[in-house]
1. Return the only residue of Pro359, Pro364, Pro273, Pro295 being more than 14 Å from the ligand (Cβ to nearest atom), of a type outside the set (Lys, Arg), modelled with pLDDT of 95 or more and under 19 Å from Thr51 (Cβ atoms).
2. Only residues that are at positive phi and either in a strand (DSSP E or B) or open to solvent by 30 Å² or more (accessible area, probe 1.4 Å) (or both): list them for segment 56-73, please.
3. Residues of segment 122-138 being surrounded by fewer than 23 Cβ atoms within 10 Å (Cβ to Cβ), closer than 16 Å to Val153 by Cα and of a type in the set (Gly, Ala, Ser), which ones?
4. Residue check: is Val76 in contact with a Gly (Cβ under 7 Å, 6 or more places away or on another chain), assigned to a strand (DSSP E or B) and at pLDDT 55 or above?
5. Would it be correct to say that Ile80 is touching a strand residue (DSSP E or B) at 6+ places or on another chain (Cβ under 8 Å), more than 16 Å from the ligand (Cβ to nearest atom) and open to solvent by less than 50 Å² (accessible area, probe 1.4 Å)?
6. Give the residue, chosen from Arg70, Arg52, Arg88, that is within 22 Å of Ala178 (Cβ to Cβ) and more than 13 Å from the ligand (Cβ to nearest atom).
7. State the number of residues belonging to segment 122-142 that are under 30 Å from Lys40 (Cβ atoms) and away from the ligand (no atom under 16 Å from the Cβ).
8. Given the conditions (1) within 12 Å of the ligand (Cβ to nearest atom); (2) modelled with pLDDT of 95 or more; (3) closer than 26 Å to Gln254 by Cβ, which single one is not true for Leu342?
Amino acid sequence: MGGRLTSFHGGPESDRTGFPRIQIMTALQLYQPFRLGTLKLKNRIVMAPMTRSFSPEGVPTSQVADYYARRAEEEVGLIISEGTVVNRPAASYDPSIPRFYGEKPLQGWKTVIDKVHAAGGVMAPQLWHVGIVAPGASGWLPPAPFEGPSGYVAPGKTGGVAMTEHNIAETIRAFAQAAAEAKALGFDAVEIHGAHGYLIDQFFWHPTNQRTDRYGGQSLAERTRFATELICAVRQAVGPDFPISLRISQWKPQDFTARLATTPQEMEAWLAPLAKAGVDLFHCSQRRFWEAEFPGSDLNLAGWVKKLTGKTTITVGSVGLSGDFLAAFRGETSTPSSLDELLRRFDRGDFDLVGVGRPLLADPGWSRKIHAGLSSELCGFSKAALATLS
Ligand SMILES: Cc1cc2nc3c(=O)[nH]c(=O)nc-3n(C[C@H](O)[C@H](O)[C@H](O)COP(=O)(O)O)c2cc1C
């Protein structure tokens with residue numbers, strides 16, 4: 001019988017944390033093992049990628065390794081690293097974002113994966129190129145201009161240079177090289193960051209991709225060519241069995257209401273070539289996992305992607321929390337919330353894995369507590385948690 005992390009209906013009390021009280025019975029179905037090719041997970045909980053900027057000059061420190069190892073010890077099934085940038089001069093907007101190239105950063109990542117494995121964990125790095133972005137808060141700028149499909153960061157707003165075909169080929173090569181390094185270092189899988197308005201998503205999105213060559217086009221399917229070539233190159237670099245995840249989103253920080261695919265047909269035309277090129281797992285990013293993707297069905301993004309591609313999917317977005325992560329950046333505190341709706345969808349088979357961001361950032365023990373039903377020990381999320389790597 002499937003258990004539940006349910007809303008507590010017994011009265012207006014709150015527990016000792018001051019948060020509205022929730023009662024956990026169990027969420028045992030999330031603690032069933034999962035296998036995808038060579039990837040063997042002890043449960044369905046995935047730590048979502050979260051940029052922490054604690055890697056001076058792009059080198060992950062031993063504190064970064066310990067931070068991930070703590071999550072591995074505490075029943076996280078799959079850890080996806082913070083975005084880590086590939087070898088392009090303007091792939092990053094912050095020198096403390098880890099790199100996934102060069103001797104010292106790769107040594108740092110070797111320590112990370114060794115500690116995670118020693119703690120019984122499974123981990124994939126999230127490979128990232130930021131594309132065209134506004135400079136970070138520090139004002140730091142990379143040694144070359146930001147690069148993207150057409151020079152646009154948002155509709156009608158320029159912020160960098162348009163990539164030549166040579167730049168595109170070099171970028172694809174950089175992703176493939178990083179994926180090969182991930183495998184060589186001993187990581188269990190690799191994730192490509194194709195979401196949230198960064199480089200790959202800038203190719204998908206028409207307002208930022210105005211190209212008239214073969215990497216542009218009026219249809220989303222045409223604008224998928226860059227990502228498809230990139231996935232093919234990554235697949236070639238890692239061989240047939242190494243799992244490849246692709247993170248996608250409809251929303252972008254440039255426009256929360258943006259939609260790449262407005263119909264299931266468009267979504268299928270977008271994702272089928274990517275699945276064929278080698279994606280094993282789609283990581284479907286929403287701000288709120290319960291929001292329906294298309295009218296006429298309550299399926300969310302992960303539900304539609306699984307239905308249309310037949311591939312494994314991860315859902316993510318405000319799992320177990322009251323507010324979304326952009327509200328959290330504005331300083332709003334999110335409190336623990338019921339898992340009922342998540343489990344209803346999971347039990348229906350909408351998705352295979354569940355991404356959890358802020359709860360795991362704030363509390364390495366979140367997954368263990370959910371498994372054990374320790375609702376009074378859940379701590380929610382406030383922006384203060386970003387200040388340390390605990
Ligand atoms: C501090 C922070 C950093 C993030 N950095 C990344 C990132 O590097 N790559 C990425 O794909 N998503 C990133 N995200 C988004 C999360 O992976 C996740 O999708 C989002 O927080 C929603 O999940 P949650 O509601 O469980 O926090 C970040 C989120 C937070 C809170």
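The values are calculated or read from the model by the stated rules, or taken from the named source; none is laboratory data. Please read these numbers as outputs of a predicted model, since none were measured by experiment. No Cβ is skipped: glycine too gets one built from the backbone with ideal geometry, and neighbour counts run over all protein chains shown. Note: areas computed on protein heavy atoms with side chains; ligands, DNA, RNA excluded. Shrake-Rupley method; radii C 1.70, N 1.55, O 1.52, S 1.80 Å.
1. Result: Pro364 is the single residue among Pro359, Pro364, Pro273, Pro295 that is more than 14 Å from the ligand (Cβ to nearest atom), of a type outside the set (Lys, Arg), modelled with pLDDT of 95 or more and under 19 Å from Thr51 (Cβ atoms).
2. Within segment 56-73, just Glu57 meets the criteria.
3. Residues satisfying the conditions are Ala134, Gly136.
4. no
5. On the way: touching a strand residue (DSSP E or B) at 6+ places or on another chain (Cβ under 8 Å): yes; more than 16 Å from the ligand (Cβ to nearest atom): no; open to solvent by less than 50 Å² (accessible area, probe 1.4 Å): yes.
The answer is no for Ile80.
6. Numbers: Arg70 fails: within 22 Å of Ala178 (Cβ to Cβ); Arg52 fails: more than 13 Å from the ligand (Cβ to nearest atom).
Arg88 is the lone residue from the list that is within 22 Å of Ala178 (Cβ to Cβ) and more than 13 Å from the ligand (Cβ to nearest atom).
7. Within segment 122-142, residues that are under 30 Å from Lys40 (Cβ atoms) and away from the ligand (no atom under 16 Å from the Cβ) number 1.
8. In the conditions (1) within 12 Å of the ligand (Cβ to nearest atom); (2) modelled with pLDDT of 95 or more; (3) closer than 26 Å to Gln254 by Cβ, Leu342 misses (3) alone.
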